[in-house]
Amino acid sequence: MEVSVAPILVQSIAQKDAKSVVPQQYIQPPEHRPIKPANETANDHKIPMIDLAGDRNSNLLRDEIARACTDWGAFHVINHGVPIVLLDEIKKVGSFFFENLPMAERLRYACDSNSPASEGYGSRMLVATDDAVLDWRDYFDHHTFPVSRRLPSRWPHSPSNYREVVEEYSKQMKLLAQKILGLISTSLGLPSSFIEDAMGELFQNITISYYPSCPQPELTLGLQSHSDMGFITLLIQDNVAGLQASKDDEWVTVEPLSHAILVILGDQTEIITNGMYKSCQHRAITNANKPRLSVATFHDPAKTTTVTPAFKPHRLIPNSSARRQLTPMFWSEEVINKDRRGSLFVCLDGSIIAMASSLSPSDHLTSVSLPSDPGDHVVPIHIVTNASQLPPEFLKPSPDKKLVVGFDCEGVDLCRNGTLCVMQLAFPDAIYLVDAIEGGKTLVEACKPALESSYITKVIHDCKRDSEALYFQFNIKLNNVFDTQIAYTLIEEQEGGTKVPDDYISFVGLLADPRYYGISYVEKQEVRVLLRQDPNFWKYRPLSELMVRAATDDVRFLLCIYNKMVVKMNEKSLWYLAVRGALYCRCFCITDNDYADWPPLPLIPETLVTDNNAPEEEVLSVVDVPPGKMGVVIGRKGASILAVKESCNAEIFIGGDKGPPDKVFVIGPVKQVRKAEAILRGRMLEIF
Ligand code: OGA
Ligand code: NI
């Protein structure tokens, strides 16, 4: 358990070292130090001002928005509909917190300085590396939407109306953000709800920033140059100037206007418009005379939302120095490590792109929409590093509380000698990503009773390798699985289809099948490519957005698919499914005692026997292959094995390079298995 330490606050340094010099960590390298802008007052150096009054000509308004978004990525709005008194109120309660509360009282609200972007009072939004230059700023960050993230009890209690003001402000900002996103959408010729729909559930944070006066403003920055990561930021400031926006490679000071609200486009807007509208690069400078206060309200998508361009690029985005060009592959890692500072990758070829904003490796990472019947609903994703974070009914399985969970494993080589990294569990109301790296053996072992229990059905797509990894790495005998790959084949057969050897449905294929899901699942491909480039992909910590998204997507559909499959299957198919699932789980897990310590295979249900419709008993047989002869048994491109499969209606598996060497596994009805064994043995005799 990491000890959380009180953050170092600029305000306490500023008070202690008044009229002297700033500590070394706050001194910017010469190229970043603020120099006076050349053209302060020229008109082309003023942030555009847009009047949102209801009686305005909508074409004109759209044109103004389009121009401001293209040229600046930022603009002021007036007649925005937010009560001016509310703008004053929030600045007032904010400044009361920073200027009237004693430090000891303020520190009661300190954010967790070990965790990036945690809510509360702090000074470093990012967990910066030790050599990073620090910002001359303190802040209070509030998580305001979705309401499930909102914990007003953690917000300041004085002045007494503080929380009430923040709540009202949050509501008003959300309304304004929606209005502006609508205008931005229509200014592009898109339906007005376009960006809001793409955003999905709106995540809103309100950050009140306090910039103490600084003895050496020429050496420091209140906030380093960055673009915001979400869709739009709505910002107000007091009457002290300090915010600057970048325009044509020059810094332009944003005039403090007490009734106007500054709209700043974030990276997601740049992505969705494919670079037509740009996210605005901005920073805050400090001054020696007066503290400065601002309130920034960020509107972001959920972390698992993928935001893609609404249209193909029709112009290339210049690769200016402020933006690095990243390969799309790694951008999410960039983002997660940088929070709002992350400079954005640029997608020049119109291919892939990006996704959500913000970060924070908290256990309540984010939520995801869960497909279910009827209607979709949204559930949280928990990252589990300690067993206590898992539901008790899972940890202690009982016949009174039977459960069905979606299940999957990720790792470096999911086999005997690999490393299991994440185990995903999908419950109807939450997704748990069990972190086998951080939580270690203790955590995985805490899941053993559940994974071995017959009271908990594990719905999984292809259980063989996961089972092997669990067995050899943790001595867990995965039991009572509902393998959707096997179920698919059985349903096909039940519905009169003929079985083709080796014709297993992939997970992507299953999702694409309209009878089960009917969606195309592109992400998986992206992760496959990454895994090929770096087999350690699943080992890195903290888990990146991409990892969380990919891990979640592998399980979140399973319960819905399960529900659709179960109703299609007759009793006989269900029995086959149970037996084959059990045999597949054992298949690469060879033991010396012929699986004596494994849970027994399911019995044939009475009803099937009496119906005179008894299914044939199925078995697993392990055939030893003389060392070095496996290649011959398999034949060129697997031709020999395929020939065996064709002549005896049994499943045949080999462990491959990472699995059990010199063994062939045969699963099927007893007679067929014996036949396959005989053919295989015959082949081997021929070889010698
Ligand atoms: C921010 C930001 C500017 C300011 O918090 O992302 O850009 O003036 N703030 O406080
Ligand atoms: Ni910003």
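Every residue, every condition in (1) within 16 Å of ligand 1 (Cβ to nearest atom); (2) free of Cβ contacts under 8 Å to residues at least 40 places away in the same chain, yes or no:
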{"residue": "TRP136", "(1), (2)": "yes, no"}
{"residue": "SER153", "(1), (2)": "no, yes"}
{"residue": "PRO156", "(1), (2)": "no, no"}
{"residue": "GLU168", "(1), (2)": "no, no"}
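Restricting to region 377-397, and then to whatever is open to solvent by 30 Å² or more (accessible area, probe 1.4 Å) and either touching a Ser or Thr at 6+ places or on another chain (Cβ under 8 Å) or touching a residue at least 60 places away in the same chain (Cβ under 8 Å) (or both), can you tell me which residue is farthest from ARG149 (Cα to Cα)? The extreme case among them is PRO397. Taking region 280-307 as the range and being more than 22 Å from the chain's Cα centre (by Cα), polar (S, T, N, Q) and farther than 11 Å from ASP228 by Cα as the test, the residues that pass are THR286, ASN287, ASN289, SER294.
Does ARG532 meet the test of being outside the structural domain of GLY668 (by the TED database), at pLDDT below 85 and under 30 Å from THR308 (Cβ atoms)?
yes
Tell me, which residue of region 647-665 that is without any contact (Cβ under 8 Å) to a residue 60 or more places away in the chain and in a loop (DSSP other than H, G, I, E, B) is most open to solvent (accessible area, probe 1.4 Å)? The extreme case among them is ASP657.
With a requirement of 2 or more residues that are open to solvent by 20 Å² or more (accessible area, probe 1.4 Å) and within 26 Å of ILE261 (Cβ to Cβ), the strands (runs of 3 or more DSSP E) lying completely within region 60-179 that satisfy it span 138-145.
Regarding region 149-171, can at least one residue be identified that is within 16 Å of ligand 2 (Cβ to nearest atom) and either of a type in the set (Val, Ile, Thr) or under 26 Å from GLU89 (Cα atoms) (or both)? No, that holds for no residue. The residues listed here are THR253, THR233; of these, the one that is surrounded by 24 or more Cβ atoms within 10 Å (Cβ to Cβ) and within 16 Å of ligand 2 (Cβ to nearest atom) is THR233.
Of the residues making up region 464-505, those that are in contact with a strand residue (DSSP E or B) (Cβ under 8 Å, 6 or more places away or on another chain) and β-branched (Val, Ile, Thr) are VAL481, THR484. Within region 188-199, does at least one residue satisfy the condition of being assigned to a helix (DSSP H, G or I), in contact with a Pro (Cβ under 9 Å, 6 or more places away or on another chain) and without any contact (Cβ under 8 Å) to a residue 12 or more places away in the chain? Yes, there is a match, as at least one residue in region 188-199 is assigned to a helix (DSSP H, G or I), in contact with a Pro (Cβ under 9 Å, 6 or more places away or on another chain) and without any contact (Cβ under 8 Å) to a residue 12 or more places away in the chain. Checking the structure you have, find out if any residue of region 236-250 is more than 10 Å from ligand 1 (Cβ to nearest atom) and open to solvent by less than 10 Å² (accessible area, probe 1.4 Å). No, there is no match, as no residue in region 236-250 is more than 10 Å from ligand 1 (Cβ to nearest atom) and open to solvent by less than 10 Å² (accessible area, probe 1.4 Å).
Yes/no matrix, rows are residues, columns are (1) open to solvent by 30 Å² or more (accessible area, probe 1.4 Å); (2) assigned to a helix (DSSP H, G or I); (3) within 29 Å of GLY418 (Cα to Cα):
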{"residue": "SER573", "(1), (2), (3)": "no, yes, no"}
{"residue": "ALA578", "(1), (2), (3)": "yes, yes, yes"}
{"residue": "THR591", "(1), (2), (3)": "no, no, yes"}
{"residue": "PRO615", "(1), (2), (3)": "no, no, no"}
{"residue": "PRO626", "(1), (2), (3)": "yes, no, yes"}
{"residue": "ALA639", "(1), (2), (3)": "yes, yes, yes"}
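Residues in region 203-230 that are under 30 Å from THR308 (Cα atoms), open to solvent by less than 30 Å² (accessible area, probe 1.4 Å) and either more than 12 Å from ligand 2 (Cβ to nearest atom) or polar (S, T, N, Q) (or both): PHE203, GLN204, ASN205, ILE206, THR207, SER227.
The set of residues in region 258-286 being at pLDDT 95 or above, out of contact with any helix residue (DSSP H, G or I) (no Cβ under 8 Å at 6 or more places or on another chain) and either more than 9 Å from ligand 1 (Cβ to nearest atom) or not assigned by the TED database to the domain that holds LEU221 (or both) consists of ALA260, ILE285, THR286. Each residue in region 268-291 was checked for being more than 30 Å from VAL22 (Cα to Cα) and more than 11 Å from ligand 2 (Cβ to nearest atom), and 11 pass.
Would region 457-474 turn up any residue that is at pLDDT 95 or above, surrounded by fewer than 18 Cβ atoms within 10 Å (Cβ to Cβ) and outside the structural domain of ASP657 (by the TED database)? Yes, region 457-474 has at least one match.
Just one residue in the set PHE588, PHE537 is over 25 Å from ASP429 (Cβ atoms), in contact with a Gly (Cβ under 6 Å, 6 or more places away or on another chain) and of a type in the set (A, V, I, L, M, F, W, C); that residue is PHE588.
Every residue in region 414-445 that is open to solvent by 10 Å² or more (accessible area, probe 1.4 Å) and either among the charged types (D, E, K, R) or without any contact (Cβ under 8 Å) to a residue 12 or more places away in the chain (or both), please. Once the filter is applied, which keeps residues that are open to solvent by 10 Å² or more (accessible area, probe 1.4 Å) and either among the charged types (D, E, K, R) or without any contact (Cβ under 8 Å) to a residue 12 or more places away in the chain (or both), region 414-445 yields ARG416, ASP429, GLU438, GLY440, LYS441, GLU445.
The values are calculated or read from the model by the stated rules, or taken from the named source; none is laboratory data. All values reported here derive from a predicted model rather than from experimental measurement. Cβ atoms come from the backbone with ideal geometry, glycine included; neighbour counts cover every protein chain shown. All accessible areas refer to the heavy atoms of the entire protein, side chains included, with ligands and DNA or RNA removed. Shrake-Rupley method; radii C 1.70, N 1.55, O 1.52, S 1.80 Å.
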